[in-house]
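Student: Mind looking over this structure? Questions follow.
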Amino acid sequence: MRNRKAIVSTAAILALVASVPTASAVTTTPAAESAASVAAAPSLVLPAASVSGVTITPRQAGDRWTITIEYTLRFSSFETRNQFPFETWVDLWEQDSDDDDLILRGRHVNISPSAQTRTATFTTSSERLHTELGAEEIYARAFVKNKETGQQFQTNSLRVQIGV
């Protein structure tokens, strides 16, 4: 238990001061950058969860919309082995020319670190989705957060145009 607290404390401090690279599919896109950071400090790269494959499927029935969002969470073997507590959630956004509008916020769900596909479903009215003139473009933003270190990662879905 003492080692776990030391590891978590060190990881949180290093993440806050940004002196050690974190490894994640979200934060290290080019393979060359990832290899360079691992080569520079192979034993100091912080393990990191990732969110990928975010898809959004809207379905309309009269004035009601059901919007299904699917995404995949992956965790490092370090996170799985040490059973870090995580939480995940999904938010629904509408794209605007200036600032995007948060339409619906998903509830935070506590999870254990294991690879998993998640599904979130929102049900709402056309009125709530209709934030501007013309058709709307909506997208989802999926999150995963390590509750001990505070590391948080997010990924957006592609935008989907709907007529409301």
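Student: Could you check the range 87-100 and list, in sequence order, the residues that are in a loop (DSSP other than H, G, I, E, B) and charged (D, E, K, R)?
Tutor: Within the range 87-100, Asp96, Asp98, Asp99, Asp100 qualify.
Student: Is there a residue in the range 96-107 that is buried (at least 17 other Cβ atoms within 10 Å of the Cβ), in contact with a strand residue (DSSP E or B) (Cβ under 7 Å, 6 or more places away or on another chain) and over 19 Å from Val54 (Cβ atoms)?
Tutor: No, because not a single residue in the range 96-107 is buried (at least 17 other Cβ atoms within 10 Å of the Cβ), in contact with a strand residue (DSSP E or B) (Cβ under 7 Å, 6 or more places away or on another chain) and over 19 Å from Val54 (Cβ atoms).
Student: Run down Val17, Val90 and say which single residue is open to solvent by less than 30 Å² (accessible area, probe 1.4 Å) and either β-branched (Val, Ile, Thr) or modelled with pLDDT under 90 (or both).
Tutor: Result of the check over Val17, Val90: Val90.
Student: Residues being assigned to a strand (DSSP E or B), surrounded by 15 or more Cβ atoms within 10 Å (Cβ to Cβ) and either in contact (Cβ under 8 Å) with a residue 60 or more places away in the chain or basic (Lys, Arg) (or both): count how many of those fall in the range 62-86.
Tutor: Adding up the residues that qualify gives 7.
The values are calculated or read from the model by the stated rules, or taken from the named source; none is laboratory data. On a predicted model such as this, the values are computed, not experimentally measured, just so you know. All Cβ positions, glycine included, derive from the backbone under ideal geometry; neighbour counts span all protein chains shown. Areas reflect the complete protein model, heavy atoms only, side chains present, ligands, DNA and RNA absent. Shrake-Rupley method; radii C 1.70, N 1.55, O 1.52, S 1.80 Å.
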